[in-house]
Amino acid sequence: MRLLTVSPSTPDPALVAEAAHVLRAGGLVAFPTETVYGLGAHALDAAAVQRIFAAKGRPSFNPLIAHVPDAAGARALTTAWPDAAARLARAFWPGPLTLVLPKRAHVPDVLTAGLPAVAVRVPAHPVALALLRAAALPVAAPSANRFTELSPTTAQHVQKALGDRVDLILDGGAASVGIESTVVDLTGARPTLLRPGTLSVAALAEVLGDVPLPAPSPGREDAPRPAPGMVERHYAPRATVWLFDASARDAMAARLAREAVDARAGALLLSPWDARPAPALPLPMPDDPAAYAQRLYAALHQLDDAGCAVVLVERPPDTPAWQGVRDRIERASR
Ligand code: AMP
Ligand code: MG
């Protein structure tokens with residue numbers, strides 16, 4: 001594996017060209033997007049896409065998002081471009097929004113896990129956009145981590161998780177959004193939210209003039225599974241996650257004592273821990289949802305690296321702005 005460090009805002013075209021060459025040759029390139037680091041491959045080359053599944057240990061029924069440099073690139077992969085797609089693309093691309101639309105025949109089945117629809121996104125990160133333009137290809141890119149593990153928000157996280165499973169890593173600094181894109185399905189009669197992210201339902205509804213359905217509640221085995229990854233344990237650290245409400249802090253402290261894990265416990269806190277015992281590694285988290293999302297995975301990586309057996313996570317408020325963060329921490333706790 002090679003690691004190339006590039007400027008996050010104005011990446012050196014020669015280095016970007018090297019990475020583009022690896023993609024065109026069917027190799028794997030990890031690169032920064034504004035959400036998390038992606039593990040990229042030529043989206044129209046079935047063998048290259050297959051390599052992503054192998055490197056991640058990701059089950060083949062989990063479809064990938066195709067990254068494109070602009071809306072024209074998305075339309076080249078899809079057979080329909082409804083008014084909702086045009087509006088959302090105009091409002092939020094480049095940005096952390098993925099649209100699911102009927103796929104064209106040349107889009108390989110391995111990319112969509114056999115589904116008739118393909119997920120497309122225009123990322124906002126200058127390095128990602130430069131790479132997409134230089135490669136002149138749609139690039140399949142899930143998060144650059146092993147299946148079910150923590151998503152990477154830095155090149156170092158990618159290195160730690162994938163090592164030589166990836167041919168090249170472009171290091172363009174830390175991801176600014178920090179959690180995965182909001183996914184909206186546009187194949188049905190009405191737009192449907194498949195995965196919450198930092199773009200709120202309210203922001204989508206404002207553009208659509210229509211409210212997308214809430215995401216299916218994770219963990220309900222009888223729930224439909226429109227978005228793979230919505231029901232299983234996902235986005236999880238190695239440590240066991242104990243989610244708690246601030247009002248239950250004393251009960252959490254008692255549990256730390258009972259299970260004698262306080263010395264090996266970390267915590268993501270929104271309010272000060274005033275109970276005894278205390279977790280050994282308490283990390284104060286921002287009370288703003290965007291800042292919290294940006295910090296979330298790096299904080300969990302930090303606590304994993306410190307060898308924490310348990311991570312206590314104080315539940316953020318149940319408001320629309322926190323939906324994306326709450327979804328990730330709920331699923332990390334399964
Ligand atoms: P990631 O794991 O971040 O690469 O995101 C992939 C996610 O995008 C999946 O877990 C689904 O939620 C969604 N997705 C990708 N492709 C499709 C598709 N063809 N149909 C429905 N959802 C999709
Ligand atoms: Mg992922």
Q: Just give me the residues in segment 112-140 being charged (D, E, K, R) and surrounded by fewer than 21 Cβ atoms within 10 Å (Cβ to Cβ), in sequence order.
A: ARG133
Q: Please specify each residue of segment 177-189 satisfying the condition of being within 15 Å of ligand 1 (Cβ to nearest atom), surrounded by fewer than 23 Cβ atoms within 10 Å (Cβ to Cβ) and either among the aromatic types (Phe, Trp, Tyr) or farther than 27 Å from GLN50 by Cα (or both).
A: GLY188
**Q.** Identity of the residue in segment 114-128, farther than 17 Å from ALA41 by Cβ and part of a loop (DSSP other than H, G, I, E, B), that ends up farthest from ligand 2 (Cβ to nearest atom)
**A.** PRO116
Q: For segment 305-329, name all the residues that are part of a helix (DSSP H, G or I) and open to solvent by less than 50 Å² (accessible area, probe 1.4 Å).
A: TRP322, GLY324, VAL325, ARG326, ASP327, ARG328, ILE329
Q. Can you find even one residue in segment 64-72 that is modelled with pLDDT under 95, open to solvent by 10 Å² or more (accessible area, probe 1.4 Å) and not in a helix (DSSP H, G or I)?
A. no
(Q) Would you confirm, using the coordinates I've provided, whether ALA80 is part of a loop (DSSP other than H, G, I, E, B), closer than 15 Å to VAL118 by Cα, in contact with a Pro (Cβ under 7 Å, 6 or more places away or on another chain) and at pLDDT 95 or above? (A) yes
Q: Count, please, the residues in segment 129-154 that happen to be modelled with pLDDT of 95 or more and in a strand (DSSP E or B).
A: 3
Q) Quick check: is even one residue across segment 160-176 within 24 Å of VAL241 (Cβ to Cβ) and surrounded by 23 or more Cβ atoms within 10 Å (Cβ to Cβ)? A) yes
**Q.** Residues satisfying the stated conditions in segment 143-173, i.e. away from ligand 2 (no atom under 16 Å from the Cβ) and either of a type outside the set (A, V, I, L, M, F, W, C) or out of contact with any strand residue (DSSP E or B) (no Cβ under 8 Å at 6 or more places or on another chain) (or both)
**A.** GLN156, GLN159, GLY163, ASP164, ASP167, ASP171, GLY172, GLY173
Q: Just need a number here: residues in segment 57-89 that are of a type outside the set (Gly, Ala, Ser), under 22 Å from the mean Cα position of the chain (by Cα) and more than 16 Å from ligand 2 (Cβ to nearest atom).
A: 5
Q. Only one of these conditions is not met by LEU111: (1) within 19 Å of the chain's Cα centre (by Cα); (2) part of a strand (DSSP E or B); (3) not β-branched (Val, Ile, Thr). Which number is it?
A. (2)
Q.
Restricting to segment 246-277, name every residue that is open to solvent by less than 50 Å² (accessible area, probe 1.4 Å) and either at positive phi or among the basic types (Lys, Arg) (or both).
A. ARG249
Q. Can you tell me which of ALA86, ALA66 is within 10 Å of ligand 1 (Cβ to nearest atom) and not aromatic (Phe, Trp, Tyr)?
A. ALA66
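The values are calculated or read from the model by the stated rules, or taken from the named source; none is laboratory data. Keep in mind that this is a model prediction, so the values were computed, not measured. Cβ: placed from backbone, ideal geometry, glycine included. Neighbour counts: every protein chain shown. When the accessible area is computed, the model is the full protein with side chains, heavy atoms only, and any ligands, DNA or RNA have been set aside. Shrake-Rupley method; radii C 1.70, N 1.55, O 1.52, S 1.80 Å.
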